[in-house]
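Asker: Shown below is the structure under consideration.
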Amino acid sequence: VFCWSRTKNGYVRGLQLRARGQYEEARRAFLDFERQQPNNPRALDGAIFIRLLFHEELDAVAAAQHAVDTKSKLFPRFMRGQALAQVGASDEALADLFEVYSTRRFPVVGVFLARTLIDQRRLETAVNYLERHAWQVGGPCGLLFLADAYRLRGFNGDAVATYRDVEDVARRMLPAALPELALAQARLGDLENAEQSAREHLRRLPRDTE
């Protein structure tokens, strides 16, 4: 039986630190939690999350596979799908994401499923998912994917309006949403502010991730 107070202290603290832009501290919190309770489902989830955050995609795939083998839950399969998409294995990623989405139609799963469909240039289907779910996830990433999909389809007016939505949402979620803010600013041609946002995000990252 896992102690909930220790689980909350390890996992939730990592999420709180990440939301405040304290990436190195978040990394230590998640990895310390994983070392302390290596078979705790929340520790496995945190191990996958932090490796994706630090763009350690191959390690994230391995951690997600371990989590799937250990507990056979939907969340690690969803995270494995994200990691596979980031290393270019889009067919394998879609298999995981479609399986999770068909079981539980979580908005965040629909958003990342759509992102992988964008990678495959299946834009109409991606837009359908994103128009349904982008606003439901409560952050800017789904809106950014939707704006990109509109742009790639040639719907420039919709793309511009949605990039402005990304800016509005991201500014309310700083510093965690600095990457999305920088990308939206760049897409809108506001290169000076995009560079400033990107530099601020990089300043907060540990040196070996820049």
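The values are calculated or read from the model by the stated rules, or taken from the named source; none is laboratory data. Just so we're clear, the structure is a prediction, and the values are computed from it rather than from any experiment. All Cβ positions, glycine included, derive from the backbone under ideal geometry; neighbour counts span all protein chains shown. These accessible areas exclude ligands, DNA and RNA; they are computed on the full protein's heavy atoms, side chains included. Shrake-Rupley method; radii C 1.70, N 1.55, O 1.52, S 1.80 Å.
Asker: Only residues that are open to solvent by 60 Å² or more (accessible area, probe 1.4 Å), more than 16 Å from Phe98 (Cβ to Cβ) and not basic (Lys, Arg): list them for the stretch 115-145, please.
Answerer: Glu124, Glu131, Trp135, Gln136
Asker: Can you confirm whether Leu178 is aliphatic (A, V, I, L, M) and at pLDDT below 95?
Answerer: Numbers: aliphatic (A, V, I, L, M): yes; at pLDDT below 95: yes.
Taking the combined requirement at face value, the residue satisfies it.
Asker: Restricting attention to the stretch 23-38, which residues are surrounded by fewer than 16 Cβ atoms within 10 Å (Cβ to Cβ) and of a type outside the set (D, E, K, R)?
Answerer: Of everything in the stretch 23-38, those that are surrounded by fewer than 16 Cβ atoms within 10 Å (Cβ to Cβ) and of a type outside the set (D, E, K, R) turn out to be Gln36, Pro38.
Asker: From the set of residues in the stretch 2-22 that are buried (at least 19 other Cβ atoms within 10 Å of the Cβ) and more than 22 Å from Arg203 (Cα to Cα), which is modelled with the lowest pLDDT?
Answerer: First pass over the stretch 2-22, keeping only residues buried (at least 19 other Cβ atoms within 10 Å of the Cβ): 10-11, 14, 18.
So of that shortlist, the ones also more than 22 Å from Arg203 (Cα to Cα) come out as 10-11.
Numbers: Gly10: 70, Tyr11: 74.
Looking at residues that are buried (at least 19 other Cβ atoms within 10 Å of the Cβ) and more than 22 Å from Arg203 (Cα to Cα), I get Gly10.
Asker: To continue, here is another question. Look at the stretch 172-192 and say how many of its residues are surrounded by 14 or more Cβ atoms within 10 Å (Cβ to Cβ) and either among the basic types (Lys, Arg) or farther than 15 Å from Pro140 by Cβ (or both).
Answerer: Adding up the residues that qualify gives 2.
Asker: Could we say that Ala85 is open to solvent by less than 80 Å² (accessible area, probe 1.4 Å), aliphatic (A, V, I, L, M) and in contact with a helix residue (DSSP H, G or I) (Cβ under 6 Å, 6 or more places away or on another chain) here?
Answerer: yes
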